[in-house]
Amino acid sequence: MPIPIPANDMVTSHSPAQSWSFRVPSPPRISVPPPPLNACGIPDLHVVQDSSFDFESSGFDNTEFLRTVTYGNFICSNNMLEWKYEQRRKAQKILPFLYLGPMAAARDQSFLQREGITMVLAVRNTRSAQAKVLGSKTAEELGIESKAIDVAGNQELIAAFPKAVAVINAHLSTMYQLQQAKAVPPTTPGPPHSSPVPGKVLVFCESGNERSATVVTAYIMAMYSTEVIKAVQIVQAQRFAVAFDDPLRNLLSTYEIMLRAKRDVVQADSRMAGYGDAGVLGTSKSTLGRSTTSTKRTLDDAYDDDIDMDGGEEHMDHERFERRVGSAPFHDRSGP
């Protein structure tokens, strides 16, 4: 617990300008407010995916498949208002092809058959994996594909997010291709997302409320460009028992920054690739057509290209600080 230090308790020539405390530095807490309500008083949470989404930034090769499977407006109903305590022992549908639940759901034969689950994905601790205490023999007996993401602790989840997203997408892609091979050509044209969902994945852990819930949230963030707060609200609206503590929220917030940076890089590369005809950064076609072979610059050339730091560039960063109002951390007591 932080121990406050009053501003007038330090016998030195300087006094703190505000109350200080002894505690371990920690990131700011991420607060997840209740979702907004629509005109009917129902939580207004929808996962919307349009065709303009940059699927290339997802890191999955088959972008056409992703556009087909993930296109649409999901979550027509919310379980938040009708949640019952007993539902924590069952799995809930987060997306048409993605379920979240506890280990008991992965062992429920009737549930797996009724919902048409085609793969179960266990998010487990490495010790549980070594002891083989978190798995689904029921899925294996039913011929359902079984995968696992093993982490030594929750902090390792951020490194496992891309693998989990890839495992889910790879399975959905395989099921989609199998469905397309067996499908009969439709007599009437329709939108690509009007066909039944080709595959369904159940993501689970011991309780279905922490590690697996974090992986499902990360999937929504990665595949639907959703910010962390809304993604948490979406998952919680379907499975109210989920528990995102501060470390898990900070983990997802860091993952959001990584996703945003990755998308920025992909977009920048796309813009640079589009400069082929007009030239790169003002380079003309004739310049692009020249030989790329060049000799090494001499020392004089390097000095000629250096920026004159004593010239007009010295005040280039002044506007960013001129209106900033700061506060000194200490007051000088030795003054008059």
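The set of residues in the stretch 104-125 being surrounded by fewer than 21 Cβ atoms within 10 Å (Cβ to Cβ) and either under 23 Å from the mean Cα position of the chain (by Cα) or hydrophobic (A, V, I, L, M, F, W, C) (or both) consists of Ala104, Phe111, Asn125. For the stretch 135-151, filtering for residues that are in a loop (DSSP other than H, G, I, E, B) and either in contact (Cβ under 8 Å) with a residue 40 or more places away in the chain or not aliphatic (A, V, I, L, M) (or both) leaves 3. Scanning the stretch 87-122 for residues that are hydroxyl-bearing (Ser, Thr, Tyr) and closer than 19 Å to Glu210 by Cβ turns up just one, Tyr99. Kindly provide the set of residues from the stretch 167-192 that are within 20 Å of Met258 (Cβ to Cβ) and at pLDDT 90 or above, ordered by number. Hits for the stretch 167-192 are Val167, Ile168. With the condition kept exactly as written, say whether any residue in the stretch 112-134 is in contact with a helix residue (DSSP H, G or I) (Cβ under 6 Å, 6 or more places away or on another chain) and assigned to a helix (DSSP H, G or I). Checking the stretch 112-134: not a single residue is in contact with a helix residue (DSSP H, G or I) (Cβ under 6 Å, 6 or more places away or on another chain) and assigned to a helix (DSSP H, G or I). I'd like the residue in the stretch 74-98 that is at pLDDT below 65 and more than 19 Å from the chain's Cα centre (by Cα) and, out of all such residues, is farthest from Gln236 (Cα to Cα). By that ranking, first place goes to Cys76. Of all residues in the stretch 253-271, those satisfying the criterion of being in contact (Cβ under 8 Å) with a residue 12 or more places away in the chain and open to solvent by less than 70 Å² (accessible area, probe 1.4 Å) are Ser253, Thr254, Tyr255, Glu256, Leu259, Arg263, Val266. Of the candidates Ala237, Ala231, Ala243, the single residue that is in a loop (DSSP other than H, G, I, E, B) and either at pLDDT 80 or above or within 14 Å of Pro96 (Cα to Cα) (or both) is Ala243.
The values are calculated or read from the model by the stated rules, or taken from the named source; none is laboratory data. No experiment lies behind these values; they were computed from the predicted model shown. Because the Cβ atoms are built from the backbone with ideal geometry, glycine has one as well, and the counts that use them run over all protein chains shown. In case anyone asks, the SASA skips ligands and DNA or RNA and just uses the protein heavy atoms, side chains included. Shrake-Rupley method; radii C 1.70, N 1.55, O 1.52, S 1.80 Å.
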